[in-house]
């Protein structure tokens, strides 16, 4: 097995609230191989976005990384000086934000934002950077890239803006792209285009990707490997096929079953998981999922199950499912 | 852009017309020009002749029209108090006021903007807290207190700067300037500081609040995620987002300084428009007061026009809001 490109080990993020320390991420570990797409899926508040931000130390106080080791191609990221971290951000790790309506600076031209980013990381003259910027706008599928360079974000549609955001994230040729809900804020019709674009760019450049989403449909289309997050912990990590055919964690199964499906009789079937995810700082003892879990037993209510590897999957459950969802 | 410019200029002209009409009503209805111009024993015939000569029997609108025509030809009427043309009085006093306003604006920009940016970028540093403490003081203290305190320290105690007047002036044709002589500069420092104290503190507080807000926004966070240097982020990306309100306020403040420096001019016996206005009020010198009102209106409108025309250069989104 090749060396992982990104390795996250025992990442813990806390939220300081007056005298209390609330755990937002609890000993999260995963890795991404070169060229791999790792999808992180979970409900809102499960810690998906926090994980993405923590990797490049972009957490907004009062969130703070308290422990954990993060390595990119063997180099520690968690101990970098601010200066060295700056060259990683945007240089070796690109970041796509969720909402293209707010993530572009409204009073700076698209060209200027691109050229500034390119010249921060690559030793290029003004003209070369400009050409590269035009090239990137072309690659992300914007019509008239040389005209778009002089435009302001408000002159573009939401989908076009997200293409600009993707160009901004990739323009310095990073080895890893973190995409935090890249399609959530977009119209359904535009979502498919943006996903297709991300997949094409990933294939062309071989960039690894960390794709954060709450949408299992997106995961099925894009990811090689999936990490399921629940209440700040990893519930399960599996290859995508394995996850959908043979989920091991009861939460994963619940998540898959909660996706609306058409029955043979033509009715829409919804099987939501009973209850709600506990809020930060209100975690029960033991496994965070135990109050909602149909298989929970006494051990689940006292001990936090460790992540264990079995066959192709790793899961944090004492009583994993054995059956396959496909007959 | 063209329609934007045209509509702003059109609005400005309309407002100026309204202001001059109000000023005209003031001249026409306040005080009695006949009693001011006729001797006590004038006959009825003399009185009728004067009414005819001044056109007072004409209807209101045609009188306003001739007032405007005279105004545009540079005939601004005659002062009751000095019997001199109002235009001459204004032109004599204008340079002093404009130079004072200009110098205090320079102080405001070169002290207020850097300090405001510093406080917005490092809101928690001890220096910022110090600046904010100073600015609270500056906002609370009335102008005349600041002026008197400065005179007490620099003119009375230390005796290094004059407490009144403009110093030596040099005449450049129609404009007499104090900015070409050492004594002129010495004289302008204290009143300019007095005038700019409030403006500086105001700009600091405003920039700080704006920058702290913009600093939280997603596009700044995204710029950080791309590794853009902090200096670019703050001085270009963030500051440009705060410029609209800041320039609007600076424009209004400049108008305020030119129009309402009455108190400061009085404290420093500064021979500008403010003290002319004060003297005219005391003498009920209606023609001067009316012209002064039009002048103030024009100053505000022109500055405001300049500010509005600069908006599209800062934030292209204003052209879209129709």
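A count restricted to segment A:174-186 and to residues that are surrounded by fewer than 22 Cβ atoms within 10 Å (Cβ to Cβ) and away from chain B (no Cβ under 13 Å) stands at 2. Restricting segment A:133-147 to residues that are closer than 24 Å to residue A:211 by Cα and away from chain B (no Cβ under 14 Å) leaves a set whose member that is surrounded by the most Cβ atoms within 10 Å (Cβ to Cβ) is A:137. Do we find that residue B:221 is within 14 Å of chain A (Cβ to nearest Cβ), buried (at least 16 other Cβ atoms within 10 Å of the Cβ) and in a helix (DSSP H, G or I) in this structure? Considered against the rule, which asks whether it is within 14 Å of chain A (Cβ to nearest Cβ), buried (at least 16 other Cβ atoms within 10 Å of the Cβ) and in a helix (DSSP H, G or I), residue B:221 comes out as yes.
Only one of the listed residues (A:290, A:271) is crowded, with 18+ Cβ neighbours inside 10 Å and at pLDDT below 85. That residue is A:290. Out of all the residues in segment B:178-192, is one or more crowded, with 19+ Cβ neighbours inside 10 Å, assigned by TED's automatic domain parsing to the domain that holds residue B:108, touching a residue at least 24 places away in the same chain (Cβ under 8 Å) and touching a strand residue (DSSP E or B) at 6+ places or on another chain (Cβ under 9 Å)? Yes, there is a match, as at least one residue in segment B:178-192 is crowded, with 19+ Cβ neighbours inside 10 Å, assigned by TED's automatic domain parsing to the domain that holds residue B:108, touching a residue at least 24 places away in the same chain (Cβ under 8 Å) and touching a strand residue (DSSP E or B) at 6+ places or on another chain (Cβ under 9 Å). Only one residue in A:98, A:113 is touching a strand residue (DSSP E or B) at 6+ places or on another chain (Cβ under 8 Å), within 10 Å of chain B (Cβ to nearest Cβ) and either free of Cβ contacts under 8 Å to residues at least 24 places away in the same chain or within 24 Å of residue A:205 (Cβ to Cβ) (or both), so which one is that? So the residue among A:98, A:113 that is touching a strand residue (DSSP E or B) at 6+ places or on another chain (Cβ under 8 Å), within 10 Å of chain B (Cβ to nearest Cβ) and either free of Cβ contacts under 8 Å to residues at least 24 places away in the same chain or within 24 Å of residue A:205 (Cβ to Cβ) (or both) is A:98. For residue B:311, the conditions (1) out of contact with any strand residue (DSSP E or B) (no Cβ under 8 Å at 6 or more places or on another chain); (2) buried (at least 18 other Cβ atoms within 10 Å of the Cβ); (3) more than 14 Å from chain A (Cβ to nearest Cβ) are fulfilled apart from (3). Once segment A:116-127 is narrowed to residues that are over 17 Å from residue A:85 (Cα atoms) and assigned to a loop (DSSP other than H, G, I, E, B), the residue that is farthest from the other protein chains (Cβ to nearest Cβ) is A:125. Against the criterion of being within 14 Å of another protein chain (Cβ to nearest Cβ), part of a helix (DSSP H, G or I) and crowded, with 19+ Cβ neighbours inside 10 Å, residue B:228 does not qualify. Checked against (1) buried (at least 20 other Cβ atoms within 10 Å of the Cβ); (2) away from chain B (no Cβ under 13 Å); (3) under 26 Å from residue A:10 (Cβ atoms), residue A:69 passes all but condition (1). Within segment A:203-213, the set of residues being at pLDDT below 90 and either touching a strand residue (DSSP E or B) at 6+ places or on another chain (Cβ under 8 Å) or at negative phi (or both) comprises A:203, A:204, A:205. Screening residue A:150 on (1) within 13 Å of chain B (Cβ to nearest Cβ); (2) surrounded by 15 or more Cβ atoms within 10 Å (Cβ to Cβ) shows it passes everything except condition (2). Determine whether residue A:162 is in contact (Cβ under 8 Å) with a residue 24 or more places away in the chain and either part of a helix (DSSP H, G or I) or under 26 Å from residue A:35 (Cα atoms) (or both). It is true that residue A:162 is in contact (Cβ under 8 Å) with a residue 24 or more places away in the chain and either part of a helix (DSSP H, G or I) or under 26 Å from residue A:35 (Cα atoms) (or both). Candidates in segment B:253-271 are the residues that are at pLDDT below 85 and outside any helix (DSSP H, G or I); of these, the one that is farthest from residue B:95 (Cα to Cα) is B:260.
Looking only at residues in segment A:286-313 that are in a loop (DSSP other than H, G, I, E, B) and touching a helix residue (DSSP H, G or I) at 6+ places or on another chain (Cβ under 6 Å), the one that is farthest from residue A:240 (Cα to Cα) is A:286.
Of all the residues in segment B:231-241, those that are under 30 Å from the mean Cα position of the chain (by Cα) and at the interface with chain A (Cβ under 7 Å from one of its Cβ atoms) number 2. Taken over segment B:290-308, the criterion of being crowded, with 22+ Cβ neighbours inside 10 Å and either modelled with pLDDT of 90 or more or over 19 Å from residue B:96 (Cβ atoms) (or both) is satisfied by B:290 alone. Filtered by the rule that a residue be assigned to a loop (DSSP other than H, G, I, E, B), within 14 Å of chain B (Cβ to nearest Cβ) and in contact with a strand residue (DSSP E or B) (Cβ under 6 Å, 6 or more places away or on another chain), segment A:47-66 gives A:56, A:62. In segment B:6-26, what residues are more than 16 Å from residue B:293 (Cα to Cα) and in contact with a helix residue (DSSP H, G or I) (Cβ under 6 Å, 6 or more places away or on another chain)? The answer is B:8, and nothing else. The single residue among B:132, B:212, B:206 that is assigned by TED's automatic domain parsing to the domain that holds residue B:250, crowded, with 18+ Cβ neighbours inside 10 Å, in a helix (DSSP H, G or I) and modelled with pLDDT of 90 or more turns out to be B:206. Within segment A:72-94, the residues that satisfy the criterion of being under 11 Å from residue B:227 (Cβ atoms) and either more than 18 Å from the chain's Cα centre (by Cα) or at the interface with chain B (Cβ under 9 Å from one of its Cβ atoms) (or both) are A:82, A:83, A:84, A:85, A:86, A:87, A:88, A:89, A:90, A:91, A:93, A:94. Being in contact with a helix residue (DSSP H, G or I) (Cβ under 6 Å, 6 or more places away or on another chain), closer than 19 Å to residue A:108 by Cα and either within 14 Å of chain A (Cβ to nearest Cβ) or touching a residue at least 12 places away in the same chain (Cβ under 8 Å) (or both) is not true of residue B:270.
The values are calculated or read from the model by the stated rules, or taken from the named source; none is laboratory data. None of the values given here were measured: they were computed from a predicted structure. Every residue, glycine among them, receives a Cβ derived from its backbone with ideal geometry; neighbour counts consider all protein chains shown.
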